[in-house]
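See structure below.
The values are calculated or read from the model by the stated rules, or taken from the named source; none is laboratory data. Just so it is clear, the model here is predicted, and its values are computed rather than measured. Quick reminder, even Gly has a Cβ in these numbers, built from the backbone with ideal geometry, and neighbours come from all protein chains shown. Ligands, DNA and RNA are stripped out before the accessible areas are found, and what is left, the full protein with its side chains, is counted by its heavy atoms. Shrake-Rupley method; radii C 1.70, N 1.55, O 1.52, S 1.80 Å.
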Amino acid sequence: MPDPVPPPISLSPSRRPISVPDLLIALGVVVLGLLMLIGTNQIAASGMNTVVGPRVFPLIVSIGTLGLGVLLTVGALRGHRAEPATEEDTDPNVPVNLASPGLILGGFLLGTLLLQPLGFVFGTAIMYFTVAYAFGERRYGLMAGVALIVALITYLLFTRGLGLTLPPGLLKGVI
């Protein structure tokens with residue numbers, strides 16, 4: 001009885017399309033790793049004659065981040081996609097709604113621009129307020145109150161607790 005003919009070997013398996021968002025995230029991690037590596041090399045060793053100096057742990061983190069970025073990039077170029085976990089109720093094929101991230105970014109930029117003239121408390125409160133709004137909260141009085149209280153507590157912890165200097169802005173002399 002003759003042997004059955006084996007199926008032909010496919011040398012080029014069906015290639016999945018490259019996911020542009022996954023590739024952009026992967027390349028972003030590579031860039032972050034490179035920037036961290038550059039920053040790590042700028043840390044002054046200050047003439048210490050030790051094996052473990054101030055550069056060791058940042059170097060480990062930056063090389064790890066760079067390596068992860070390279071692995072993610074290779075995976076993205078091979079067509080691998082970041083799939084949501086089974087417990088997530090998401091559909092990766094639905095178009096992305098950029099309204100909420102845009103609001104958060106806009107609030108961050110506005111808060112950053114107003115940080116010096118208004119001060120840390122009000123600039124940061126703007127950021128907190130826009131994040132709450134972007135997540136769907138619409139009780140404006142509550143949002144403003146919580147944003148101001150959290151920003152004030154953060155300011156006091158940083159300035160009094162850690163001794164940092166933050167711009168007081170309109171509250172100069174009050175707090």
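Karplus-derived 3J(HN,Hα) values for the stretch 81-86, using 6.51 cos²θ - 1.76 cosθ + 1.60 with θ = phi - 60°, are 10, 6, 9, x, 5, 4 Hz; glycine and proline are entered as x.
Compute the Cα gyration tensor for the chain, then decide on rounded, prolate or oblate, letting a ≥ b ≥ c be the square roots of its eigenvalues: rounded whenever a/c is under 1.5, prolate when a/b is larger than b/c in the other cases, and oblate in all that remain.
Taking the square roots of the gyration eigenvalues as a ≥ b ≥ c, the chain is oblate.
For the stretch 45-155, the residue among N93, A76, I153 whose Cα projects farthest onto the positive side of the dipole built from Cβ charges is I153.
Give me the extension gain from V70 to T154: residue separation times 0.36 nm, minus the current Cα-Cα distance, reported in nm with one decimal.
Numbers: separation 84, 0.36 × 84 = 30.24 nm, distance 3.66 nm.
Gain on extension, V70 to T154, equals 26.6 nm.
When you count the other C-beta atoms within 10 angstrom of each residue and take the mean per peptide, 36-42, 124-130 line up highest first as 124-130, 36-42. Among the trypsin sites (Lys or Arg not before Pro) within the stretch 50-84, those in coil by DSSP and having at most 10 neighbouring Cβ atoms inside 10 Å are R78.
Taking all protein chains together, Y140, Y155, Y133 sort by accessible area into Y140, Y133, Y155, largest first [probe 1.4 Å]. Each Cα pair under 8 Å and six or more residues apart adds its sequence gap; the mean of these over the residue count of the chain is a relative contact order of 18 percent. The charge dipole of the chain, taken about its Cα centre with unit charges on the Cβ of Lys, Arg, Asp and Glu (plus for the first two, minus for the last two), comes to roughly 660 debye. On the protein heavy atoms, probe 1.4 angstrom, tell me the percent of accessible surface of the chain carried by carbon and sulfur. About 71 percent, which is the carbon plus sulfur part of the accessible surface. Taking the charge dipole of the chain about its Cα centre, with +1 at Lys and Arg Cβ atoms and -1 at Asp and Glu Cβ atoms, the residue from P168, S19, Y140 reaching farthest to the positive side is P168. Taking the Cα centre of the stretch 80-175 as reference, the dipole from Cβ charges on Lys and Arg (+1) and Asp and Glu (-1) amounts to some 660 debye.
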